[in-house]
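Structure first, then comments.
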Amino acid sequence: MKHLALATALAAFAAASQAAPVTYVIDSTHTYPAFTYNHLGFSNQTHRFNKTTGTIVLDRAAKTGSADVTIDAKSVDAGSAIFNEHIQAADFFDTANHPTLSFKGTKFTFNDDTPATMSGEITIKGVTRPITFSIADFNCGTHPMRKVETCGANATAKIKRSEFNMGKNAPLVSDDVTLTLSVEAFKKQ
């Protein structure tokens, strides 16, 4: 009887350690990509996008994952309607021809059981380049109101905006831009 109980326990442990990938759907009401740059040497400016969709797939046991994130470029929020129009124009995001930005994450690295980086490709203004985000504040648990498994994190990376045909006014307005993706995602039901 002890051997049967031990075998059952080992089988359950083996199954748990080989858990299948879990898909999480981005919560667009709590996910805000942002970008920060230096303005004329006076201050760092941060603007965000208000509409983001996508999925994140994690297999924490296998230490793998992927991400498929789409950002509505027309939802850029610079705090001023006039400036929103300015950065949606052809010299910057050119939202008339490129209404979305996207990130396809294909490789995660882990520190123990926690994702540390996420690499893939980012597409801005029709230009696709490799990128690696550093992941901080990763946490999963049961959402207290929705009662569903939720994961969240803050991911950051740096790009040069001139590499995406958005170099107007550089270097007065810095070419270096820090991207931040503050994300929450619910386990797909």
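So here's what we get for this one:
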| quantity | calculated |
| --- | --- |
| Longest site-free stretch - the chain; sites: trypsin sites (Lys or Arg not before Pro), DSSP loop, at most 11 other Cβ within 10 Å | 1-145 |
| In sequence order, calculated HN-Hα J values of region 122-139 (Karplus, 6.51, -1.76, 1.60; Hz; x Gly/Pro) | 10, 10, 10, 6, x, 9, 10, 9, x, 7, 10, 8, 8, 10, 10, 6, 5, 7 |
| Residues with amide H under 5 Å from that of Asp94, placed H, sequence gap 5 or more | Ala89 |
| Karplus 3J(HN,Hα) series, Hz, for region 159-168 with 6.51 cos²θ - 1.76 cosθ + 1.60 (x for Gly, Pro) | 9, 9, 5, 5, 6, 10, 6, 10, x, 3 |
| Residues Thr55 and Ala170, FRET efficiency given R0 of 35 Å [Cβ-Cβ distance, rounded to 0.05] | 0.55 |
| Degrees between helix 2-17 axis and first principal axis of the chain (Cα, 0 to 90, nearest 10) | 10 degrees |
| Subset of Lys107/Lys168; Lys51/Lys147; Lys160/Lys187; Lys107/Lys158 violating a 22 Å alpha-carbon distance limit | Lys107/Lys168; Lys51/Lys147; Lys160/Lys187 |
| Inter-label distance for Asn84 and Ala34, nm, one decimal - labels placed 7 Å from Cα along Cα-to-Cβ | 1.8 nm |
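Bear in mind these aren't lab numbers, they're just calculated from the coordinates by the rules spelled out. Predicted, not measured: the structure shown is a model, and the values here were computed from it. Because the Cβ atoms are built from the backbone with ideal geometry, glycine has one as well, and the counts that use them run over all protein chains shown.
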